[in-house]
Every structure is written in structure tokens, then in C-alpha cells.
Amino acid sequence: QVQLVESGGGLVQAGGSLRLSCAASGSIFSINTMGWYRQAPEKKRELVATITSGRTTNYADSVKGRFTISRDNAKNTVYLQMNSLKPEDTAVYYCNADIRTFRSLSYVFWGQGTQVTVSS
């Protein structure tokens, strides 16, 4: 009953920028923390950034100063602005959200993932 739909991935040259979006829809009462994760082939999924309902942010050391996470509560959407991209940023990026439904059930939902490829 809850879905997260991602968009904005693609191919970019090193040093370029991309902006990812993830919109949540369905039986949503409230959204607490939202975040972005990424996973390269045969590697573990790793945290990129999180943002609380109060807009407190946290970033992985590898992206600090380059990536910015934000959210639009009116649209139930989280964004990831990625600047100064490096080839090592290449991965499938997944958004997630800690959501409470109108049935008072909380769960962490995941998006389907969007591919980001950074060329040298």
C-alpha cells in the first residue's frame, strides 16, 4: 500500500552533477527519517545520507561536501543533489523511508533503485 518511486539517475562524466528524487505514495500517516543508500555490483549496500522529519542530516564520509540530501514534506519526496561526481560513486542508488500508515503500522520501505554511472 506504500510505494517509493525514484528518478533522476543516468550517465554523467566525472566532475558532473545529478539530482535524484524519490516520492512516497499510498496509505501514509507520517514519514520519519528518509535516506539514500547505494550498492555497486558484488558489494554491500552502504548508507549515503539520511534526513529526519526535523531536517537533521547525516552523511557518509565519502560524500561529505559533495552531496546534499533534502526533503519536501508537502510532496512526500526526498532528494539527493550530487555534485563533483567521481567514478567510485557509480552504483544503484536506493531511497528508503520510515513510514507510519493510517493503520498505525510503521515500516521501512525501499524504492526500486536507480542507476548512476560516472565515467572517467
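The values are calculated or read from the model by the stated rules, or taken from the named source; none is laboratory data. Not measured: the values here are computed from a predicted model. Cβ sites come from the backbone with ideal geometry, for glycine too, and all protein chains shown count toward neighbours. These area figures cover heavy atoms from the full protein model, side chains too; ligands, DNA and RNA do not enter into them. Shrake-Rupley method; radii C 1.70, N 1.55, O 1.52, S 1.80 Å.
Data table
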item	result
Reachable lysines, given that their alpha-carbon falls under 22 Å from the alpha-carbon of Lys44 and they are not under 8 places away in the same chain	Lys64, Lys86
Gain on full stretching of the segment that runs from Asn73 to Asn32 - 0.36 nm per residue minus C-alpha separation	13.7 nm
Residue order for Glu6, Glu46, Glu88 - accessible surface, 1.4 angstrom probe, largest first	Glu88, Glu46, Glu6
Average accessible area per residue (Å²) across the chain - probe 1.4 Å, nucleic acids and ligands excluded	54
Fraction of alpha-carbon pairs over 25 Å apart in the chain - percent	20
Chain lengthening between Arg100 and Lys64 when straightened (0.36 nm per residue, less Cα-Cα)	10.0 nm
Pairwise FRET efficiency - Thr117 versus Glu46, Cβ, R0 = 22 Å, nearest 0.05	0.80
